[in-house]
Amino acid sequence: MTRGPLLSFCIPVYNFGAYLPATIESIRLQMTDEVEVVVLDGGSTDETPRLMKQAAAQDSRIRYVRQDQRGGVDADLAICIEAARGRYCWLFSGDDLVRPGAVAYVLAMLELGADVHLLTHNDCTLDMRFLGVHPVLRSRQPFRADLGRDQDRRSWMERALNTEALFSFVSTLVVLHDTWASVPPRRDFDRSGWGHVARFLEIARRRLDIIYHPVPLVDRRGENDSFRDRGIVNRLALAVDGYHRIAAEFARDGTEAEQIRGLVRADLPVTVFIGAKSACRRDPQRESRTRLDALFAKCHGGRGLSSTLKAVLYRSFPALLEPLARHLLRACRHLVRLGARVGLPRREGNSRHAVRVR
């Protein structure tokens, strides 16, 4: 019997022809015979078919699968993984880049045998200028936990900095194929953007052995969010409503549910909602201020002093200064990254969860 690849890159795309060649090339330059690339095209109408047929003809390790119509990111990702032949699948977006040396690092880490490897990425601009490292956990070294065990899960959530700790960013997820296939897809999450998250957390009801790797291995292309094609308010709704639903369905207790909602607040600080108010003024037919206000209340509302101050800031922030909210957001995220690097538990180096990396 012919042995299949160890690692499959699983890349669902739709009209990403402007960025996909750079993505494929960043992988191809690092590929070995243990690696394949599977691109699932959900009926693209741009140059994607021509570009991918050319790439597949030049390298037999690259496979292109085309559907007649778009099934949505959740369904298309599941189909892409199903088509993969690798023992592990690296879920990936068609506009991000693999950093030099990343494939070799991941191939070595697969020897540790975890169900999931959660990687770290760099935030970049649309033209891939570096903005900063985006840590996921407060951890300077690889950190391992079984999210099916209460004690491990609490340790994981205590270190979590954002929703990427609960799988929100696909390009940093490497999963054992058999683990992914051990539960059926959550069709009730189709077209939510979080079908893969629900599937991982469904698996974690029993056992999910996961390792977080703090070294940046992916460059994430910013300002190219395909979920924003229906407007920024709708994009915020996907995040807020989606992860509040996840908290309600998958959290093991009220404390964990609030932790998950807190991760959403970390992803979407007040400045994001202030900036969205400008979009509502510019295009009120597309962007609903009423819905935005409701999302802000759902995300940041509460009875405490902090919630009150946030509400005052959101409502009274001068309209002329709203474009500055983006710069404030970047400053806030920089502080979070800095805190993740310097504000670590002193005992972490002796933690039983630490993974020794060769």
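The values are calculated or read from the model by the stated rules, or taken from the named source; none is laboratory data. Fair warning: this is a prediction, and the values are worked out from it, not measured in the lab. Please note: Cβ atoms are built from the backbone with ideal geometry, for glycine as well, and neighbour counts cover all protein chains shown.
Overview of results
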read-out: Criterion: among the acidic types (Asp, Glu), within 23 Å of Asp190 (Cα to Cα) and assigned to a loop (DSSP other than H, G, I, E, B) - qualifying residue of Asp33, Asp95, Asp74, Asp46; value: Asp95
read-out: Within region 123-169, considering residues that are out of contact with any Gly (no Cβ under 7 Å at 6 or more places or on another chain) and polar (S, T, N, Q), the one surrounded by the fewest Cβ atoms within 10 Å (Cβ to Cβ); value: Gln151
read-out: Test for Asp209: is it in the same structural domain as Asp76 (by TED's automatic domain parsing), among the charged types (D, E, K, R) and surrounded by 15 or more Cβ atoms within 10 Å (Cβ to Cβ); value: yes
read-out: Residues satisfying the stated conditions in region 158-209, i.e. within 21 Å of Pro269 (Cα to Cα) and not hydroxyl-bearing (Ser, Thr, Tyr); value: Glu158, Arg159, Ala160, Leu161, Asn162, Glu164, Ala165, Leu166, Phe167, Phe169, Gly193, Trp194
read-out: Residue tally, condition more than 14 Å from the chain's Cα centre (by Cα) and assigned to a strand (DSSP E or B), over region 181-212; value: 3
read-out: Boolean, Ala237 is modelled with pLDDT of 95 or more, surrounded by fewer than 20 Cβ atoms within 10 Å (Cβ to Cβ) and in the same structural domain as Pro142 (by TED's automatic domain parsing); value: no
read-out: In region 1-30, the residues that are in contact with a Leu (Cβ under 8 Å, 6 or more places away or on another chain) and either of a type in the set (D, E, K, R) or assigned to a strand (DSSP E or B) (or both); value: Leu7, Cys10, Ile11, Pro12, Val13
read-out: Selection count, region 232-282, where residues are out of contact with any Phe, Trp or Tyr (no Cβ under 6 Å at 6 or more places or on another chain), part of a helix (DSSP H, G or I) and either among the hydroxyl-bearing types (Ser, Thr, Tyr) or closer than 20 Å to Ser316 by Cα (or both); value: 14
read-out: Residue in region 17-30 that is touching a residue at least 12 places away in the same chain (Cβ under 8 Å), among the small types (Gly, Ala, Ser) and within 22 Å of Thr120 (Cα to Cα) present; value: yes
read-out: Residue tally, condition over 19 Å from Val116 (Cα atoms), of a type in the set (D, E, K, R) and at pLDDT 95 or above, over region 64-88; value: 2
read-out: Selected residue (only one of Arg3, Arg70, Arg87 is touching a residue at least 40 places away in the same chain (Cβ under 8 Å) and closer than 30 Å to Ile210 by Cα); value: Arg87
read-out: Restricting region 75-105 to residues that are under 19 Å from Thr48 (Cα atoms) and touching a Phe, Trp or Tyr at 6+ places or on another chain (Cβ under 7 Å), the residue that is surrounded by the fewest Cβ atoms within 10 Å (Cβ to Cβ); value: Asp95
read-out: Answer residue from region 141-194, given it is among the polar types (S, T, N, Q) and over 22 Å from Gln259 (Cα atoms) and is modelled with the lowest pLDDT among those; value: Gln141
read-out: Scan of region 168-180 for residues that are under 10 Å from the mean Cα position of the chain (by Cα) and either closer than 15 Å to Gly148 by Cα or among the small types (Gly, Ala, Ser) (or both), ordered by number; value: Ser168, Ser171
